[in-house]
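FYI, it's all coordinate maths here, none of it is from the lab. On a predicted model such as this, the values are computed, not experimentally measured, just so you know. Neighbour counts run over all protein chains shown; Cβ positions are idealised from the backbone, glycine included.
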Amino acid sequence: NGSKIIINRQEPLHQVWLATKQGGYHFDLKGDEWICDRSGETFWDLLEQAATQQAGETVSFR
């Protein structure tokens, strides 16, 4: 459908940002996982959910 997912490092904030059709997410490194500062979900879980929804088929990165 031509939609995009954008991943961006925010080095001054020590965060990773994810922009999807559903909204924007900010992640902080906690231990060895990037965790969303609002929902508590992992980066990979939210990325898979967004990619699956935007692609219209199951997408897995792990």
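Computed values, structure above
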| item | result |
| --- | --- |
| Long-range neighbours under 7 Å by Cβ, at least six apart or interchain, first residue free of Cβ contacts under 8 Å to residues at least 12 places away in the same chain and over 12 Å from residue 50 (Cα atoms) within region 1-13, second aromatic (Phe, Trp, Tyr) and surrounded by 10 or more Cβ atoms within 10 Å (Cβ to Cβ) | 8/17 |
| Selection within region 38-60 - outside any helix (DSSP H, G or I), more than 11 Å from the chain's Cα centre (by Cα) and surrounded by 12 or more Cβ atoms within 10 Å (Cβ to Cβ) | 59 |
| Filter result (assigned to a loop (DSSP other than H, G, I, E, B) and not charged (D, E, K, R)) within region 28-37 | 31 |
| Residues of region 6-27 satisfying the condition of being exposed (fewer than 14 other Cβ atoms within 10 Å of the Cβ) and either touching a helix residue (DSSP H, G or I) at 6+ places or on another chain (Cβ under 8 Å) or assigned to a strand (DSSP E or B) (or both) | 6, 7, 8, 9, 10, 21, 22, 23, 24 |
